[in-house]
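Trainee: Quick one: the structure is below, questions incoming.
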Amino acid sequence: MLLTPTFLRKTLTALGASLLALLAQTSHSQVQSADTRIPAAVETALQRAKIPREAVSLLVVNVDGKTAPSLAWRTQQPMNPASVMKLVTTYAALDQLGPAYVWRTPVYLGGPVVDGVLRGNLYIQGQGDPKLVLERLWLMLRRLQGMGVKVIAGDIVLDRSAFQLPAHDAAGFDNEPWRPYNASPDALLINYKAVAVNIAPDTGAGVARIQYDPPMFGMDNQQTLALAAPNSDCGDWRSKMQLDMANPQRIAFNGSYPASCGDKSWSIAPAQPERFAAKAIEGMWRELGGKLTGSAHDGSVPQGLQAAFQLESPALSEVVRDINKYSNNIMAQHVLLTLGMQRTGVTNYESARQSLAQWWTARLGNIEQPAVDNGAGLSRNASITANGLGRMLQSAWVSPVMPEFVSSLPIVGVDGTLRRSRSKFAGSAHLKTGTLRDSTALAGYVDGISGQRYVLVAMANHANAAAARAAWDALVDWTAAQ
């Protein structure tokens, strides 16, 4: 028999499913026989944070599930996992789409190119690429220029119709619409709908000089800002700048900038997010020396037009790494929406959630389903049990995509959102963090000094949840020391 990669993958997947079926059969008895005593160091840290035991859910279990959990406390209670929900979205995507999956953004020429002039419109069709960032937009437009296009005698038409989503209020979640994590998905997502505000003090001139990337056509952004008093410390420099977003066509500041801060960069989501792609693409095209007789606006690609080229995204494995290492919300939402698009051909949250629910049942059987909402964890309605998440992590460990999935998680005390962890066992765990105003969570894999590997899940839902970090560090240490 020829052992092809496809055959091997299907075989490994079948073996993983069989193992999870056995785990599911023994899950109830294991939870019943597990030690429910919260480790003393964790208990003390929770008390110090004023988080009651009844507000947390904890699970520590061997990754192979062959023994009862070392710790199981309120593991069947649905909890809001904050950004830890990204683990469900990214594992489901790796398992269904494969680590090599890519998104493609086709570019069309609406006429002939004569003496450097495109005699017609340029069409760009968004297909949900979650990482069409500044550098890749530059490459797209440079490739167009490499085809001889210097002038577009027409419009730049942006087809954003692939996503069928309701109107989004960027201020709806926490009344901070300028924060990029509140941006909504977009079939043609440019630079996460965020502008990098780069600030450099010029002490000789007494000002801080400000550069904006990508250059946004039609916006009159403030170019300089007064420096603060010479003895001003850096501190909360963003607050000192006093961001002013009253004018939707201008990013401005009413404060000052401490020279002691040196060079800084601040990512801001400007107003009118539905116009972001048009402003960014036209601004970049003109910045590169390209000319445009018309304007950039939304529209549709004419039927029958053949793409001149397609810009290909990084592989899903790289996208998943960005999502989990740095907790990127809008990329996670794009991945969830892609699951629905691939299964049903319809790109909205309802089809995406149905797709994930079907996958969960196929992979984990009757283990309690999560409520994934938007798949990113930026939600008050998302929930999952520690038992369900723990079983999913065990499933991921025996799956063919385990290497890509585990390597996407922050390493405790080393990188990503866990680089500042105070765990005594730096480098010993791959874990995903999650934080909302009243929810905090941690989940993933911990290597014990005994050579055993454990699945760890910790979630707190309480007004003081943000203070649980010390308890989570203590839980990681206790698990690693077993």
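The values are calculated or read from the model by the stated rules, or taken from the named source; none is laboratory data. No experiment lies behind these values; they were computed from the predicted model shown. Virtual Cβ from ideal backbone geometry, glycine too; neighbours counted across all protein chains shown. To get the accessible areas, we keep the full protein, side chains included, count just its heavy atoms, and leave off ligands, DNA and RNA. Shrake-Rupley method; radii C 1.70, N 1.55, O 1.52, S 1.80 Å.
Trainee: Counting just the residues of the stretch 30-65 that are open to solvent by 70 Å² or more (accessible area, probe 1.4 Å) and assigned to a helix (DSSP H, G or I), which one comes out modelled with the lowest pLDDT?
Mentor: Once the filter is applied, the top-ranked residue is Gln32.
Trainee: When you scan the stretch 315-336, do you find a residue that is more than 28 Å from Ser355 (Cα to Cα) and of a type in the set (Ser, Thr, Tyr), even just one?
Mentor: Within the stretch 315-336, none of the residues are more than 28 Å from Ser355 (Cα to Cα) and of a type in the set (Ser, Thr, Tyr).
Trainee: Ok, one more. Six or more apart or on different chains, Cβ atoms under 6 Å: show the pairs whose first residue is in the stretch 302-323 and at negative phi and assigned to a loop (DSSP other than H, G, I, E, B) and whose second is surrounded by 14 or more Cβ atoms within 10 Å (Cβ to Cβ) and among the hydroxyl-bearing types (Ser, Thr, Tyr).
Mentor: Every condition considered, the pairs that remain are Leu305/Tyr108.
Trainee: Among the residues of the stretch 58-88, write down those that are among the small types (Gly, Ala, Ser), in contact with a helix residue (DSSP H, G or I) (Cβ under 8 Å, 6 or more places away or on another chain) and farther than 14 Å from Val455 by Cα.
Mentor: Of everything in the stretch 58-88, just one residue is among the small types (Gly, Ala, Ser), in contact with a helix residue (DSSP H, G or I) (Cβ under 8 Å, 6 or more places away or on another chain) and farther than 14 Å from Val455 by Cα, namely Ser83.
Trainee: Return the total of residues in the stretch 100-124 being in contact (Cβ under 8 Å) with a residue 60 or more places away in the chain and open to solvent by less than 30 Å² (accessible area, probe 1.4 Å).
Mentor: Summing the residues that are in contact (Cβ under 8 Å) with a residue 60 or more places away in the chain and open to solvent by less than 30 Å² (accessible area, probe 1.4 Å) in the stretch 100-124 gives 8.
Trainee: Would you point out the residue of the stretch 201-219, among those that are more than 30 Å from Leu311 (Cα to Cα) and surrounded by 14 or more Cβ atoms within 10 Å (Cβ to Cβ), that is farthest from the chain's Cα centre (by Cα)?
Mentor: Here the residue is Val207.
Trainee: Here's a check for you: in the stretch 277-333, which residue that is among the hydroxyl-bearing types (Ser, Thr, Tyr) and in contact with a Pro (Cβ under 8 Å, 6 or more places away or on another chain) is most open to solvent (accessible area, probe 1.4 Å)?
Mentor: Looking at residues that are among the hydroxyl-bearing types (Ser, Thr, Tyr) and in contact with a Pro (Cβ under 8 Å, 6 or more places away or on another chain), I get Ser317.
Trainee: Just to be sure, is Tyr192 of a type in the set (Ser, Thr, Tyr), buried (at least 20 other Cβ atoms within 10 Å of the Cβ), in a helix (DSSP H, G or I) and under 26 Å from the mean Cα position of the chain (by Cα)?
Mentor: Answer is yes for this residue.
Trainee: Another question, if that's okay. Using the structure shown, decide if Ser313 is in contact with a Leu (Cβ under 8 Å, 6 or more places away or on another chain) and of a type in the set (Ser, Thr, Tyr). Don't jump to the end; show me each part of the working.
Mentor: On the way: in contact with a Leu (Cβ under 8 Å, 6 or more places away or on another chain): yes; of a type in the set (Ser, Thr, Tyr): yes.
Considered against the rule, which asks whether it is in contact with a Leu (Cβ under 8 Å, 6 or more places away or on another chain) and of a type in the set (Ser, Thr, Tyr), Ser313 comes out as yes.
Trainee: If you don't mind, another one. With respect to Asn366, is the statement that it is under 19 Å from the mean Cα position of the chain (by Cα) and more than 25 Å from Tyr326 (Cβ to Cβ) true?
Mentor: So Asn366 does not fit the description; no.
Trainee: If you scan the stretch 342-368, which residues turn out to be within 21 Å of Trp397 (Cα to Cα), open to solvent by less than 30 Å² (accessible area, probe 1.4 Å) and not in a loop (DSSP other than H, G, I, E, B)?
Mentor: In the first step, residues of the stretch 342-368 are kept if they are within 21 Å of Trp397 (Cα to Cα); the result is 356-368.
After this cut, where a residue has to be open to solvent by less than 30 Å² (accessible area, probe 1.4 Å) as well, the list is 356, 359-360, 364, 367.
Across the stretch 342-368, the qualifying residues are Leu356, Trp359, Trp360, Leu364.
Trainee: I need the full set of residues from the stretch 220-242 which are touching a strand residue (DSSP E or B) at 6+ places or on another chain (Cβ under 8 Å) and either open to solvent by less than 50 Å² (accessible area, probe 1.4 Å) or closer than 17 Å to Gly204 by Cα (or both), in order please.
Mentor: The initial filter retains those residues of the stretch 220-242 that are touching a strand residue (DSSP E or B) at 6+ places or on another chain (Cβ under 8 Å), namely 221-228, 237-238, 240-242.
Once the filter is applied, which keeps residues that are touching a strand residue (DSSP E or B) at 6+ places or on another chain (Cβ under 8 Å) and either open to solvent by less than 50 Å² (accessible area, probe 1.4 Å) or closer than 17 Å to Gly204 by Cα (or both), the stretch 220-242 yields Asn221, Gln222, Gln223, Thr224, Leu225, Ala226, Leu227, Ala228, Trp237, Met241.
Trainee: Among the candidates Ser295, Ser313, Ser300, Ser327, single out the residue that is under 24 Å from Gly434 (Cα atoms) and at pLDDT 95 or above.
Mentor: Testing whether each residue is under 24 Å from Gly434 (Cα atoms) and at pLDDT 95 or above leaves just Ser327.
Trainee: Scan the stretch 286-304 residue by residue and report those that are under 34 Å from the mean Cα position of the chain (by Cα) and farther than 17 Å from Tyr108 by Cα.
Mentor: Arg286, Glu287, Leu288, Gly289
Trainee: Right, next: In the stretch 428-461, which residue that is among the hydroxyl-bearing types (Ser, Thr, Tyr) and under 22 Å from the mean Cα position of the chain (by Cα) is nearest to Val42 (Cα to Cα)?
Mentor: Step by step, filter the stretch 428-461, then rank; the result is Thr440.
Trainee: Being closer than 21 Å to Tyr349 by Cβ and open to solvent by 40 Å² or more (accessible area, probe 1.4 Å) is the filter here; which residues of the stretch 149-169 pass it?
Mentor: The answer is Arg160, Ser161, Gln164, Leu165, Pro166, Ala167, His168, Asp169.
Trainee: From the list Asn191, Asn221, Asn198, Asn182, which residue is touching a residue at least 12 places away in the same chain (Cβ under 8 Å) and at positive phi?
Mentor: Just a single option satisfies the conditions, and that option is Asn191.
Trainee: Would you mind listing the helices (runs of 4 or more DSSP H) fully within the stretch 369-482 where at least 1 residues are open to solvent by 10 Å² or more (accessible area, probe 1.4 Å) and over 25 Å from Lys50 (Cβ atoms)?
Mentor: The qualifying helices (runs of 4 or more DSSP H) are 386-397, 402-407.
Trainee: Shifting gears a bit: Give me the residue from the stretch 125-135 that is touching a residue at least 60 places away in the same chain (Cβ under 8 Å) and open to solvent by 30 Å² or more (accessible area, probe 1.4 Å) and, out of that set, farthest from the chain's Cα centre (by Cα).
Mentor: Looking at the filtered set, the residue picked out is Gln125.
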